[in-house]
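Following: one structure in structure tokens, then a few remarks.
The values are calculated or read from the model by the stated rules, or taken from the named source; none is laboratory data. Just so it is clear, the structure is predicted and the values come from calculations on it, not from any experiment. Reconstructed Cβ throughout: ideal geometry from the backbone, glycine too, with neighbour counts over all protein chains shown.
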Amino acid sequence: MASKLVFLAIMCLALGATSPAAEAAISYGQCCNGIKNLNGMAQNTPDQQSVCNCIKIAVNESGFTYSSFNLDLAASLPKKCGVNVPYQISP
């Protein structure tokens, strides 16, 4: 279940970096629900660290590159989805 949610979070990041004209593989609602579920599952520091490490590995293996644009998109997702995360999204 957690790996599915991490994949969903990665897809949200990837979709956010595509052009607006591109057809999304998942909807905005599905993306936000995945983020909300993932945040709900990672309620303690070890779980949060595991999710963070899993996302880093998945991003690195996907070929998706880090840039200030991509990081800004990633950092904006919790607020856009109404999720309060107790940490900053950064490289």
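Total residues in region 57-75 satisfying the condition of being over 11 Å from S90 (Cα atoms) and either under 10 Å from the mean Cα position of the chain (by Cα) or surrounded by 13 or more Cβ atoms within 10 Å (Cβ to Cβ) (or both): the figure is 4. With a requirement of 3 or more residues that are touching a strand residue (DSSP E or B) at 6+ places or on another chain (Cβ under 8 Å), among the small types (G, A, S) and at pLDDT below 85, none of the helices (runs of 4 or more DSSP H) lying completely within region 21-84 satisfies it.
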